[in-house]
Amino acid sequence: VIVGSGIVGRCWAAIFARGGFRVDLFDVSREAVERAVPAVAGLLARMAENGLLRGQDPEEVSKLVKPAESLESALAGATYVQECVPENLSLKAKVFASIDAAATKAGNGEAILASSSSTLTASQFTSELKHRSQCLVCHPVNPPFAIPIVEMVPAPYTREALVKKARAILEEMGLSPALLKKEIDGFLVNRMQYALLAEAFRLVDDGAATPEDVDVAVSHGLGLRWSFMGPFQTIDLNAPGGVKDYFERYGSSISRVIKPMDNARPWSQKTIERIHNAMRKEVPTEEREKRLAWRNQRLLKLAVHKLTSSEREAKLNCSDFIAAWVTAPSAAVAEDIAGKLVISKVAACVNIIPGLTSVYMWKGKVEKDKEVLMMIKTRKSHVAQLTRLVEENHPYDCPELITANIGGRQPYLDWIAKSTIV
């Protein structure tokens, strides 16, 4: 369930739909929802054009997104709720009170109740709710369809099992969750971003560098390295002996440089004006929309590059492949399901074996059915999505999917639990 049909809500709806989830889009304004549904379809089409839809048909994926008749009906049976309203404490408190009431009426004590809050912590607007143990922040970075990071910030009372469940769902959708172990102002991304921004401002304020050269230092320097490596990964490779060696070599120099830095320095209006004018010289006001579209397109291309690079690397490591089995009533049905699994890229290969006889007990009698066997090669990270696609396309009410690790003399069999998201 997506609550709020603005830009962030539309992005979340597209991401969940790409992951194969049914999405109920709710907003207090019915007209806003009616506008948002086709906008999500357009976003999915754009994602497909840029190779970010996992080979799926955008028209088919967009069918998973529907307007919700009411918050109460949407919460009935929902597994995950993502609130996407503006960053306003009283508004978020009001919206989460409505979500809490709807969850109570629906008897839903297991759904993940997540907020897209960028600075407000969950305990600021959920502490008095009946379902507060289901609440946490899952904050995306703009634009979410191109930047996969999601900051997960549970409240002190959020159930640990629910946090793990939320993380697994986000990872299944191809996102990259980063979990904070406690609530902290600014979360993770903004705290690091603000630290860099503060020093960038001081460099201009002190006359040490121009706004343009500060941007060059990041876009043509640090940013290139940080686009695929974090700061600790970077320093680990910047000294022969790793992190410990790095600090032995450079620790004193780093301390000397950062000691005089004053994060409490107020923002100088004169320097703000100077930076603003430099940005307007580079991108005039009338060209900002075009520049914004350019930024999003560059981010899309970078996301595709990172995705395809990861896929190439994954092909070199087959250790996480597993086998899955499920029966079907006929070869035609099996072929139809197999095609959808392969197109969705949750199955590397599907073998269909005819002539299978299933023997089982039914009402005290031994019964026999002629079926076909589907043998599926997939990755461990795709099992939940594979299970859902099988259940959605299989004629049986409860198709039984069995998985086994590939390798070793004896496979380890696990029954796969059902997982649905509204």
Is it the case that Val153 is surrounded by 15 or more Cβ atoms within 10 Å (Cβ to Cβ), of a type in the set (Val, Ile, Thr) and in contact with a His (Cβ under 9 Å, 6 or more places away or on another chain)?
yes
Count of region 111-124 residues which are at pLDDT 95 or above and open to solvent by 40 Å² or more (accessible area, probe 1.4 Å)
1
Exception for Asn190 within (1) part of a helix (DSSP H, G or I); (2) buried (at least 18 other Cβ atoms within 10 Å of the Cβ) falls at (2)
What's the total number of residues in region 49-86 that are closer than 17 Å to Asp100 by Cβ and of a type in the set (Val, Ile, Thr)?
3
Mind checking which helices (runs of 4 or more DSSP H) fall wholly inside region 207-273 and carry at least 1 residues that are open to solvent by 90 Å² or more (accessible area, probe 1.4 Å), of a type in the set (A, V, I, L, M, F, W, C) and over 22 Å from Ile147 (Cβ atoms)?
231-237, 243-258
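Just checking, which of Ala41, Ala13, Ala17, Ala45 is modelled with pLDDT of 90 or more, under 19 Å from Leu341 (Cβ atoms), of a type in the set (A, V, I, L, M) and not in a loop (DSSP other than H, G, I, E, B)?
So the residue among Ala41, Ala13, Ala17, Ala45 that is modelled with pLDDT of 90 or more, under 19 Å from Leu341 (Cβ atoms), of a type in the set (A, V, I, L, M) and not in a loop (DSSP other than H, G, I, E, B) is Ala17.
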State all residues of region 156-187 that are surrounded by 14 or more Cβ atoms within 10 Å (Cβ to Cβ), at pLDDT 95 or above and small (Gly, Ala, Ser); if no residue qualifies, say none.
Ala166, Ala178
Could you please find all residues in region 198-249 being of a type in the set (Ser, Thr, Tyr) and over 25 Å from Pro260 (Cβ atoms)?
Ser219, Ser227
Within region 4-19, how many residues are open to solvent by 10 Å² or more (accessible area, probe 1.4 Å) and touching a Leu at 6+ places or on another chain (Cβ under 7 Å)?
2
Within region 50-88, tally of residues that are in a loop (DSSP other than H, G, I, E, B), touching a Gly at 6+ places or on another chain (Cβ under 9 Å) and either open to solvent by less than 50 Å² (accessible area, probe 1.4 Å) or small (Gly, Ala, Ser) (or both)
6
Within region 48-83, residues closer than 24 Å to Ser117 by Cα and under 18 Å from the mean Cα position of the chain (by Cα) come out as Val65, Ala78, Thr79, Tyr80, Val81, Gln82, Glu83
Select from region 341-393 the residues that are of a type in the set (Ser, Thr, Tyr) and over 30 Å from Gly51 (Cβ atoms) and write down the one among them that is most open to solvent (accessible area, probe 1.4 Å).
Tyr360
Given (1) of a type in the set (A, V, I, L, M, F, W, C); (2) assigned to a helix (DSSP H, G or I); (3) crowded, with 17+ Cβ neighbours inside 10 Å, Leu129 misses just (2)
Residue list for region 193-206, filter: farther than 26 Å from Pro148 by Cα, in a helix (DSSP H, G or I), open to solvent by 50 Å² or more (accessible area, probe 1.4 Å) and of a type outside the set (A, V, I, L, M):
Asp205
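Filter region 336-381 down to residues that are charged (D, E, K, R), more than 22 Å from the chain's Cα centre (by Cα) and not in a strand (DSSP E or B) and give me whichever is nearest to Lys165 (Cα to Cα). Outline the logic, then answer.
We begin by selecting, within region 336-381, every residue charged (D, E, K, R); these are 336, 340, 345, 363, 365, 367-371, 377, 379-380.
Okay, now just the ones that are also more than 22 Å from the chain's Cα centre (by Cα), so 336, 340, 363, 365, 367-371, 377.
Checking the rest, the ones that are also not in a strand (DSSP E or B) come to 336, 340, 363.
On the way: Asp336: 31, Lys340: 26, Lys363: 37 Å.
Out of the qualifying residues, it is Lys340.
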If you go through region 274-310 one residue at a time, how many are outside any helix (DSSP H, G or I) and either open to solvent by 70 Å² or more (accessible area, probe 1.4 Å) or touching a helix residue (DSSP H, G or I) at 6+ places or on another chain (Cβ under 7 Å) (or both)?
1
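The values are calculated or read from the model by the stated rules, or taken from the named source; none is laboratory data. Note that the structure is a prediction, hence the values are computed from the model and not measured. Cβ coordinates were reconstructed from backbone atoms using ideal geometry, including for glycine residues, and neighbour counts include every protein chain displayed. Remember, those area values only see protein heavy atoms, side chains included, never the ligands or the DNA or RNA. Shrake-Rupley method; radii C 1.70, N 1.55, O 1.52, S 1.80 Å.
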